[in-house]
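Input: a single structure, listed below in structure tokens.
The values are calculated or read from the model by the stated rules, or taken from the named source; none is laboratory data. Note that this is a predicted model, so its numbers are computed, not measured. Cβ coordinates were reconstructed from backbone atoms using ideal geometry, including for glycine residues, and neighbour counts include every protein chain displayed.
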Amino acid sequence: MANASQIVSLIHSHFSSEDERFSTLALQIAAHEAKLGHTATAQQIREIIDKQKSNKAKLRIIKIHSDLGDLIYETTPKNRLNQLVLPEELKLRIERILNEYRQRSKLQKHGHSHRKKILLVGPPGTGKTATAATIAGELHLPLYSVQMDRIITKYLGETSAKLRQVFDFIEAQKGVFLFDEFDAIGTERSKENEVGEMRRALNSLLQFMEASNSESIIIAATNNIELLDKALFRRFEDILYYKLPSADDAFQLIKNRLGTFGKGIKFKDLENEVSGLSHAQLTQASDDAIKESILNDMGSVDNDILKTCLREKRAYQ
Ligand SMILES: Nc1ncnc2c1ncn2[C@@H]1O[C@H](COP(=O)(O)OP(=O)(O)OP(=O)(O)O)[C@@H](O)[C@H]1O
Ligand SMILES: [Mg+2]
């Protein structure tokens, strides 16, 4: 049978809608059962999880109406704010966005509207896309990811017309609209005509955004703030800057991710290993460490395994 702390974690992950975590814990229990020789039970648990995962994958990506077909993807995230590890100031800014949306009719009565044009800036893997998913999850709104790079490469010369259609959709459909890596083109690898088109597309995007009266929240995310014209910033009602995590935030993230697997970790010894890694890399290293300890039939992750997994992530930089 699963031990008490596994059951507590399982219940906790269920009620905080942490599906990934729930599956991981259930698989840990399956591994434990298998070790005790209860292979039928272990197999039964694994089959339930596999079936659930493949159903989910089918549901996750729903195509929007035919015209915008492959340009916008809809998902329904369940992300929660308490899963994000961010400086207090950033959390407060995200809470303010949520609060203004929730109380938008109160603001409207006094001639104001909730903030809904938001720019997220920061290095890779620091939680920009996750923040958009969290805003959608907390507000129970669908998340629509607009594929800017595809608009540019597929509709070269007609990006403005395509963006017009996207904004017609935004006016008609309430949701969180994410223009992720919205300046993705404009790098050295891009063809010259694409760079020019990107500039035109960005201008159209900002004009449409300015004219928009929708209740939807429009989020743009970027790594390269230098590529953006200063004039662009004015169009956003909020600009949130993301950074690599502090050592304490890195420890907190690992702790959250390891859960009951992290009981024995001495975080003080890991300062060098976590320094310079992004939230995404720390998350991956924690998951790698959990898997490693499962495969080695260990009940929890130890400092050596975690150190190795963290160093491996650094090697990829
Ligand atoms: N601040 C954070 N708190 C908790 N987990 C995080 C955070 N940032 C990233 N993660 C984890 O890393 C994964 C990838 O991060 P995400 O895609 O949000 O990064 P990003 O800033 O959008 O990066 P990119 O610039 O490459 O698009 C997330 O799904 C989440 O599991
Ligand atoms: Mg992203």
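The set of residues in the stretch 208-228 being of a type in the set (Asp, Glu) and either within 16 Å of ligand 2 (Cβ to nearest atom) or surrounded by fewer than 16 Cβ atoms within 10 Å (Cβ to Cβ) (or both) consists of Glu210, Glu226.
So is Asn256 among the polar types (S, T, N, Q) and in contact with a helix residue (DSSP H, G or I) (Cβ under 7 Å, 6 or more places away or on another chain) or not?
Values: among the polar types (S, T, N, Q): yes; in contact with a helix residue (DSSP H, G or I) (Cβ under 7 Å, 6 or more places away or on another chain): no.
Here the answer is no, as Asn256 does not meet what is asked.
Taking the stated definitions as given, is Val274 buried (at least 20 other Cβ atoms within 10 Å of the Cβ) and farther than 23 Å from Thr126 by Cβ?
On the way: buried (at least 20 other Cβ atoms within 10 Å of the Cβ): yes; farther than 23 Å from Thr126 by Cβ: no.
No, not satisfied.
For Ala34, indicate whether it is closer than 18 Å to Leu295 by Cα, surrounded by 11 or more Cβ atoms within 10 Å (Cβ to Cβ) and either in the same structural domain as Leu258 (by TED's automatic domain parsing) or at pLDDT below 85 (or both). Here the answer is yes, as Ala34 does meet what is asked. Scanning the stretch 252-264 for residues that are at pLDDT 95 or above and crowded, with 21+ Cβ neighbours inside 10 Å yields Leu253, Ile254, Arg257.
Return yes or no: is Val166 more than 30 Å from Asp249 (Cα to Cα), in contact (Cβ under 8 Å) with a residue 60 or more places away in the chain and more than 16 Å from the chain's Cα centre (by Cα)? First the steps, then the outcome.
Values: more than 30 Å from Asp249 (Cα to Cα): yes; in contact (Cβ under 8 Å) with a residue 60 or more places away in the chain: yes; more than 16 Å from the chain's Cα centre (by Cα): yes.
Taking the combined requirement at face value, the residue satisfies it.
Hey, among Asp249, Asp288, Asp238, which residue is surrounded by fewer than 17 Cβ atoms within 10 Å (Cβ to Cβ) and either under 28 Å from Asn82 (Cβ atoms) or in contact (Cβ under 8 Å) with a residue 24 or more places away in the chain (or both)?
Details: Asp249 fails: surrounded by fewer than 17 Cβ atoms within 10 Å (Cβ to Cβ); Asp288 fails: surrounded by fewer than 17 Cβ atoms within 10 Å (Cβ to Cβ).
Unique residue meeting the criteria: Asp238.
Can you tell which of Asn82, Asn99 is within 14 Å of ligand 1 (Cβ to nearest atom) and surrounded by fewer than 16 Cβ atoms within 10 Å (Cβ to Cβ)? So that I can check it myself, show each step before the final result.
On the way: Asn99 fails: within 14 Å of ligand 1 (Cβ to nearest atom).
Residue meeting the stated conditions: Asn82.
Looking only at residues of the stretch 37-65 that are outside any helix (DSSP H, G or I) and modelled with pLDDT under 85, we find that the one that is nearest to the chain's Cα centre (by Cα) is Ile61. Give me a count of the residues in the stretch 102-131 that are surrounded by fewer than 20 Cβ atoms within 10 Å (Cβ to Cβ) and more than 13 Å from ligand 1 (Cβ to nearest atom). Of the residues in the stretch 102-131, 14 are surrounded by fewer than 20 Cβ atoms within 10 Å (Cβ to Cβ) and more than 13 Å from ligand 1 (Cβ to nearest atom).
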